[in-house]
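A short worksheet on the structure shown next.
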Protein chains: 2
Amino acid sequence: MAHRAGGRALCLLRGRLRLPGPARLGSSGAAVQRAPQAAGAEEAGEDAGISARKKTFTEVQTERLEQAEQTVLIKCPPKINEKKLLQYLSSHGNIKSHFFFENHGIHALVEFSEKNSIASLQDAIGIPSTAEHYVVPFKSRLFTFKLKNPVSQAAEETPVHLSPQSHIPVNELIQKLCCADSISTQMYILLNEYQLTEENIKLRFLACSLVRDFARAFFPDSTVKPFGSSVNTFGKLGCDVDMFLDFHDIQKHATMMKKGPFEMEYQMKRLPSERLATQKILSVIGDCLDNFGPGCSSVQKILHARCPLVKFSHQPTGFQCDLSVSNSIAIRSSELLYIYGCLDSRVRALVFSVRCWARVHGLTNSVPGTWITNFSLTMMVMFFLQKRSPPIIPTLNQLKELAGEKDKHVIGGYDCSFVSDLSKIKPTKNTETLDVLLGDFFEYFGNFDFRKNSINLRKGKEVNKPESSPLYIWNPFEQDLNISKNVNQPQLEKFVAMARESAWILQKEDKTQRKINKEPWGLAAILIPFGKSNPSKMKNRMKGIGSETIRSLLDSLKLNTANTVQKAAGK
Amino acid sequence: MAHRAGGRALCLLRGRLRLPGPARLGSSGAAVQRAPQAAGAEEAGEDAGISARKKTFTEVQTERLEQAEQTVLIKCPPKINEKKLLQYLSSHGNIKSHFFFENHGIHALVEFSEKNSIASLQDAIGIPSTAEHYVVPFKSRLFTFKLKNPVSQAAEETPVHLSPQSHIPVNELIQKLCCADSISTQMYILLNEYQLTEENIKLRFLACSLVRDFARAFFPDSTVKPFGSSVNTFGKLGCDVDMFLDFHDIQKHATMMKKGPFEMEYQMKRLPSERLATQKILSVIGDCLDNFGPGCSSVQKILHARCPLVKFSHQPTGFQCDLSVSNSIAIRSSELLYIYGCLDSRVRALVFSVRCWARVHGLTNSVPGTWITNFSLTMMVMFFLQKRSPPIIPTLNQLKELAGEKDKHVIGGYDCSFVSDLSKIKPTKNTETLDVLLGDFFEYFGNFDFRKNSINLRKGKEVNKPESSPLYIWNPFEQDLNISKNVNQPQLEKFVAMARESAWILQKEDKTQRKINKEPWGLAAILIPFGKSNPSKMKNRMKGIGSETIRSLLDSLKLNTANTVQKAAGK
């Protein structure tokens, strides 16, 4: 994906202030102006007057899916007259919103107020006719806008505003952080630069909706919904779109209409297991995407995995997508994180900062391995916030106690119930600043007794490890599973060492002096690989860590040129 | 496929007399009562008052396709109350026609008067819910009708009438033929037993319509149409359904809506060749049928053939189907045969008799090889009928001269134009009986100079062979091709020998004497493998035929037990 221009000033940031209570506000207003995902509930709503906090996860999802159905994506020529394009489209219906973005050329996402505008537009659109090419005549909601006389028309165009769809490289981020006046402000700047934008979320739901068109060809009542980072408020610009195919409504229908002396049933292909049905359906939809889907490429069927899925690259939106079939527990996890992310703005600011930090220091990685996952790291932050005094977020058991009748969910024998109505959860009385929380997070896990204790978010307290994995974090729903089983001892030790080093930097370093010397300070200081500024200093602080870990750390530092850091963090 | 009960009397045959002019009528009226396919144009029409001969091939096709869209197929319990089923279905709309047939259980084909009745019915139908099975929730027009209390309800049922969907075995046919009083009557009895019934044609169009539902999922303007024997009036009960996917309407749309200073196009997968597009589309639709299609089995993709196709067995209708993508010349061939078949009832009677004869004697086969194909054999009959004095059917050049502006078709550089309006073709003045025509057919080809001459239906006369293939029949449209290139010298010699033998039997044998002796006579006599009644007689008549041919003939006769003949003829 193309990166946006690097030199964009902070003052260009658009959006609204949407942070609850002065305790969480950085003193620099500009840095915290945009927090669209936490405010997603309101942005997605028809009735913007209702407080953002009132809408449940499901309500937001439903609204966004409906909006996506009314949306088209148009590839535009390099110079485009925005007014003329909108004028043309308006002849098919009222346009509710639109934006432009760069992705191998300029694209426009256009959302209509009504779904039948799409049909009207589609009727007026031609099939590309070329002498050299043959097309698969599948009619999607992806169009190409062409000028008939590009030269004469291009002259009158003015450049359109392009919404960024990727975050800035870490070196540019560090420069921005250095201009801030507190660590809190730095953390909100980071959040603001990395979190999904309103536009990017629309694009993600559109990608799901376009895949739904394939599924719906055969299964008219099915839907395709995003889950995980696209919707849990913790997604970073550029992260994959996890989506699942949901047959929920179809299953319900099965019990209907069975009165009278006889009954009529559909003849349907019968299979001995649900897994086999899932595999067959994913396989065919994968083939459809591969052969008919404009811009769907690198389609990979991974049908024999525990959770069968189809991976593909969706070029029109620029996303890497993973399509699976309804995984109820994964959806509950997304909603749980959504609730935590919406409860208090410090939650997301701390998670984004910790994850960026972990990535810079090689503690996480985009490929599977013995690294700590982003999910585990997020759970560690949640646990830390549950442990504050007073707690910043409630335990999962407390959320379960608040659950109403409609919130009851038992999946595969596990009780996955918790409250969905955010207004039922009492706001925290904790007023600690993010400056304090960031330092304390590193101190807390730098001193955590990982040999003895495990992390349990359901109870919000350390409990004895049930088995000997180096890092044990209880799966919040499938409670006999450890979500960080993959992490080995050297990786855990590296994490502890980095946490200690970071706690030390945040506590000891003189902000004023570093600002005068134009050196990175605060959050910026811990987002630079430690070996780089002063490797000798680091060695002194590594006492008590195994010599093997030190050796591997030093090796990794040698490789950490500014270039590779930027690449890794930009992913 | 299950065979209907063998002992059905002639008087049970239903239908109407639809034969033009007394010259073609057998003296036994019963034997010629039903000729539905030649009369298909009328049966398919809303306006039964208009003469059958007035409707063109395209009109009949269009009407039948529309009817098929309004049709459902219902699997019924062994004992079914017809009245109650119809009562239930009537609550969703007016039923235009229905019939029952046996195919691994009793099935009902039900045609509604309006398409929206289907949607109403589908809304009321449940998804099978079983503990042991998982289903692929694809909703088709194939249903299962179930009694909730089979024992108590079954008592009140009376058996329903079952429409036969396969022809009688050849030994039963021979018995029936022996009771007739002329060879003409015998030939009409054979036609009547073997030709497609109105019900079977409805079932064939339904099979196409069900496949169309898969194609339409992605390509809403596409259609699936039968071609070849299902529609050319020469199809035999039990023959395969050849169908093709037609994108015609989509291509047309490409040229629309290109006004204004810009244009909007669909983004579509582009491919370097039409063949590759065809292969991809067929491949995906094949997978859909295989994985989602209830009762679709043995799906075989033959994508690298000259004409890529998908073969599959469609269990609900009992058909073996071949799906390809629009093959314009094959459709022109179907229409040409349709015209010849409709022009004069003797045409189809002679073709069916000759094809049954060829099959009994091993001159044709259901697998590809050096055998004469049914298509080649049909063309030989057509040529023979063009050569009568006066001719019974016009030459292709004459049909081309009658073509109107709308009938112009140039496909791949070949002029495939001919008249589509049957009323423009003058009826023949030829009044020869089928008795004469059958004998003369065998005599004509028994003495044809295959070494020197080729068969040209366009000109309606023998022309010098352009190359040395043993049998040369000009492709009526692709005129540089020989449709019988596959036939080798021994097969041709076998054909000639059998033709001579048959001509001899028809001329010499004493009908009255054989009837008294209860021996097969006339058409029946030539439908029995010749070796069986008196092999020594046969040998005497084989003079002038190569010794190799005689040896292979004698070998084949040894194998020709009554059993294998029956099996081969029943295919």
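The values are calculated or read from the model by the stated rules, or taken from the named source; none is laboratory data. All of these numbers come straight from a predicted model, not from anything done at the bench. Note that we place each Cβ from the backbone using ideal geometry, even for glycine, and neighbour counts take in every protein chain shown. Calculation scope for accessible area: heavy atoms of the full protein, side chains included, ligands and nucleic acids excluded. Shrake-Rupley method; radii C 1.70, N 1.55, O 1.52, S 1.80 Å.
Only one of A:D123, A:D181 is within 13 Å of chain B (Cβ to nearest Cβ), at negative phi and surrounded by fewer than 16 Cβ atoms within 10 Å (Cβ to Cβ). Can you tell me which?
When all the criteria are applied, what remains is A:D123.
Filter segment B:412-424 for residues that are part of a loop (DSSP other than H, G, I, E, B) and touching a residue at least 12 places away in the same chain (Cβ under 8 Å) and give the result.
B:G412, B:C416, B:S417, B:F418, B:V419, B:S420, B:D421
What are the residues in segment B:321-358 that are closer than 15 Å to B:S230 by Cβ and of a type in the set (G, A, S), if any?
Selection gives B:S324, B:A330, B:S333, B:S334, B:G341.
Against the definition (within 19 Å of A:I174 (Cβ to Cβ) and at pLDDT below 75), how does A:P529 come out, yes or no?
Criteria not met by A:P529.
Do we find that B:K406 is open to solvent by 60 Å² or more (accessible area, probe 1.4 Å) and assigned to a loop (DSSP other than H, G, I, E, B) in this structure?
In short, no.
Select from segment B:365-396 the residues that are of a type in the set (F, W, Y) and closer than 19 Å to B:V463 by Cβ and list them in ascending order.
Selection gives B:F383, B:F384.
What number of residues in segment B:404-432 are under 29 Å from B:A180 (Cα atoms) and in contact with a Lys or Arg (Cβ under 8 Å, 6 or more places away or on another chain)?
2
For a quick check of your reading: which strands (runs of 3 or more DSSP E) sit entirely within segment A:278-332 and have at least 2 residues that are farther than 22 Å from B:P137 by Cα, open to solvent by less than 30 Å² (accessible area, probe 1.4 Å) and touching a residue at least 24 places away in the same chain (Cβ under 8 Å)?
Those strands (runs of 3 or more DSSP E) span A:309-314, A:319-325.
Please count how many residues of segment A:493-529 are buried (at least 23 other Cβ atoms within 10 Å of the Cβ) and among the polar types (S, T, N, Q).
Summing the residues that are buried (at least 23 other Cβ atoms within 10 Å of the Cβ) and among the polar types (S, T, N, Q) in segment A:493-529 gives 1.
Restricting the search to segment A:352-371, which residues are within 22 Å of A:P470 (Cα to Cα) and in a helix (DSSP H, G or I)?
A:V354, A:R355, A:W357, A:A358, A:R359
Taking segment A:440-470, which residues are open to solvent by less than 10 Å² (accessible area, probe 1.4 Å) and over 25 Å from A:K400 (Cβ atoms)?
A:F441, A:F442, A:F445, A:G446
I'm trying to understand the selection: among the residues of segment A:210-229, which are within 25 Å of A:V110 (Cβ to Cβ) and in a strand (DSSP E or B)?
A:T223, A:V224, A:K225, A:P226, listed by residue number.
So which residues in segment B:129-143 are more than 7 Å from every other protein chain (Cβ to nearest Cβ) and without any contact (Cβ under 8 Å) to a residue 40 or more places away in the chain?
Result: B:T130, B:A131, B:E132.
From (1) touching a strand residue (DSSP E or B) at 6+ places or on another chain (Cβ under 8 Å); (2) open to solvent by 40 Å² or more (accessible area, probe 1.4 Å); (3) modelled with pLDDT of 95 or more; (4) not polar (S, T, N, Q), pick out the condition that doesn't hold for B:F383.
Condition not satisfied by B:F383: (2).
Evaluate segment A:141-158: report whether one residue or more is open to solvent by less than 40 Å² (accessible area, probe 1.4 Å) and in a loop (DSSP other than H, G, I, E, B).
yes
Give just the number: which of (1) over 30 Å from B:T512 (Cα atoms); (2) part of a loop (DSSP other than H, G, I, E, B); (3) at pLDDT below 95 does B:I168 not satisfy?
Answer for B:I168: the failing condition is (1).
Among what's in segment B:65-90 and is facing chain A (nearest Cβ under 10 Å) and free of Cβ contacts under 8 Å to residues at least 40 places away in the same chain, pick the residue that is surrounded by the most Cβ atoms within 10 Å (Cβ to Cβ).
B:L89
Taking A:E198, is it surrounded by fewer than 23 Cβ atoms within 10 Å (Cβ to Cβ) and not polar (S, T, N, Q)?
It is true that A:E198 is surrounded by fewer than 23 Cβ atoms within 10 Å (Cβ to Cβ) and not polar (S, T, N, Q).
If you check every pair at least six apart or on different chains, which have Cβ atoms under 6 Å apart with a residue in segment B:157-172 that is farther than 25 Å from B:S97 by Cα and charged (D, E, K, R) first and a residue that is surrounded by fewer than 18 Cβ atoms within 10 Å (Cβ to Cβ) and modelled with pLDDT under 90 second?
Within 6 Å, the pairs are B:E172/B:G6.
Would you call B:P427 touching a residue at least 60 places away in the same chain (Cβ under 8 Å) and not hydrophobic (A, V, I, L, M, F, W, C)?
Spelling it out, B:P427 is indeed touching a residue at least 60 places away in the same chain (Cβ under 8 Å) and not hydrophobic (A, V, I, L, M, F, W, C).
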